[in-house]
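The values are calculated or read from the model by the stated rules, or taken from the named source; none is laboratory data. Just so it is clear, the structure is predicted and the values come from calculations on it, not from any experiment. Cβ sites come from the backbone with ideal geometry, for glycine too, and all protein chains shown count toward neighbours.
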Amino acid sequence: MDLPDDEHLQWAHTELGEPDAFFRISRARFLTKLLLGVLLLLYGVVANYLWWVHGPATFGHFELLLLVFLPLSGATLLLHMYRNRGLYVLIYPTGLLRLRRGEVDSFPWAEIAHIQLKVQRATGAEFTYDSDGAPTACWIPVDVPTFKLWDAGLTVLREDGVEANFGSALTDYDQLAEQIQLRTFTALWPRIREQFFAGERLAFGELEIGFAGVRHNGKLLAWREVKEFVISQGKLSIKQTGKWLPWVLVDMASVPNPHVLFALVAEIQHLFAPSQQKPKPSPVKQQDEE
């Protein structure tokens with residue numbers, strides 16, 4: 001692949017070889033979002049002046065949207081683009097490399113403690129299986145918002161506490177999120193699965209997963225009562241069989257390794273389902289060889 005003429009990128013290419021995948025913020029996308037942010041701020045200045053100086057000076061939900069939310073969105077968009085300027089992400093078989101304004105940080109897959117995803121909606125995770133029906137990969141599809149870039153994002157935390165944040169302003173952000181989930185799943189899944197079947201309770205933020213069921217703030221939902229895990233409006237919703245309202249709602253961005261959680265829940269539900277009703281794994285999805 002052709003890399004931009006940047007000394008750090010050329011160094012990475014020379015020292016580490018050709019990356020499997022490369023992500024950046026394109027100049028056109030950056031300028032478009034920058035212009036949109038500036039226009040929203042200018043609109044806010046003009047709209048607030050006209051409304052409070054020459055308007056009726058009343059204030060309600062509609063005025064809140066027009067006079068506060070839209071200009072604030074423009075400011076947030078500008079801040080988001082500023083933080084991500086000059087960002088490059090390179091994916092290698094051994095790990096992830098982040099290059100940003102002269103800084104170089106590496107995140108080997110084996111040293112990543114957890115990832116966190118900011119996702120607005122998803123009906124479930126995607127899987128690939130081996131010939132025995134065991135999951136070999138799991139990832140949660142993500143959306144790329146056109147305007148509200150802050151509604152999506154991904155954080156990678158290394159075991160030593162160093163973290164990297166990647167926003168949806170990156171080109172092909174959905175593919176980046178998928179790649180990071182696929183590769184961290186391979187590193188995390190065997191250990192987490194072994195811990196579960198050894199009888200350990202596993203913490204996923206506010207949630208705790210064990211043989212007895214799902215725990216949250218001292219409450220227990222047995223596996224036979226768990227209907228499904230879904231993501232809606234940025235929340236992880238755990239639905240209970242026979243109930244209309246969710247058993248619990250948890251902020252999706254606060255759940256570490258959600259792709260591993262969804263894989264574990266799928267395997268547990270298969271294990272606890274009556275033998276005559278156990279769902280069969282979906283057909284293996286073909287992945288392009290890298």
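How about the range 232-252: which of its residues are assigned to a loop (DSSP other than H, G, I, E, B) and not basic (Lys, Arg)?
Listed by number, the residues that qualify are 233, 234, 241, 242, 244, 245, 246, 247.
Looking at the range 96-107, which of its residues are free of Cβ contacts under 8 Å to residues at least 24 places away in the same chain and closer than 17 Å to residue 176 by Cβ?
Across the range 96-107, the qualifying residues are 100, 106.
Quick one: which of 221, 176 is hydrophobic (A, V, I, L, M, F, W, C), in a helix (DSSP H, G or I) and surrounded by 15 or more Cβ atoms within 10 Å (Cβ to Cβ)?
None of the other options fit; the residue is 176.
Got at least one residue in the range 194-215 being touching a residue at least 24 places away in the same chain (Cβ under 8 Å), within 18 Å of residue 154 (Cβ to Cβ), buried (at least 18 other Cβ atoms within 10 Å of the Cβ) and touching a helix residue (DSSP H, G or I) at 6+ places or on another chain (Cβ under 7 Å)?
yes
Of all residues being touching a residue at least 12 places away in the same chain (Cβ under 8 Å) and either outside the structural domain of residue 139 (by TED's automatic domain parsing) or part of a loop (DSSP other than H, G, I, E, B) (or both) in the range 253-274, which is farthest from residue 193 (Cα to Cα)? Just the residue, please.
Result: 255.
Kindly establish whether residue 128 is part of a strand (DSSP E or B), in the same structural domain as residue 232 (by TED's automatic domain parsing) and more than 14 Å from the chain's Cα centre (by Cα).
Here the answer is yes, as residue 128 does meet what is asked.
Would the range 79-95 turn up any residue that is modelled with pLDDT of 70 or more, out of contact with any Gly (no Cβ under 6 Å at 6 or more places or on another chain), among the polar types (S, T, N, Q) and farther than 23 Å from residue 253 by Cα?
Among the residues of the range 79-95, at least one is modelled with pLDDT of 70 or more, out of contact with any Gly (no Cβ under 6 Å at 6 or more places or on another chain), among the polar types (S, T, N, Q) and farther than 23 Å from residue 253 by Cα, which makes the answer yes.
Kindly evaluate residue 89 against the criterion of being in contact with a helix residue (DSSP H, G or I) (Cβ under 9 Å, 6 or more places away or on another chain), outside the structural domain of residue 254 (by TED's automatic domain parsing), surrounded by 12 or more Cβ atoms within 10 Å (Cβ to Cβ) and under 15 Å from residue 154 (Cβ atoms).
Yes, satisfied.
So for the range 32-41 (the condition being outside any loop (DSSP other than H, G, I, E, B), surrounded by 15 or more Cβ atoms within 10 Å (Cβ to Cβ) and modelled with pLDDT of 80 or more), does at least one residue qualify?
yes
Give just the number: which of (1) in contact with a His (Cβ under 8 Å, 6 or more places away or on another chain); (2) over 30 Å from residue 273 (Cα atoms); (3) not in a strand (DSSP E or B) does residue 157 not satisfy?
Every condition holds for residue 157 apart from (3).
Out of everything in the range 155-175 that is modelled with pLDDT under 95 and of a type in the set (A, V, I, L, M), what residue ends up being nearest to residue 251 (Cα to Cα)?
It comes out as 164.
May I ask you to say which residue of 196, 166, 185, 229 is of a type in the set (Phe, Trp, Tyr), farther than 22 Å from residue 79 by Cα, in a strand (DSSP E or B) and in the same structural domain as residue 271 (by TED's automatic domain parsing)?
229
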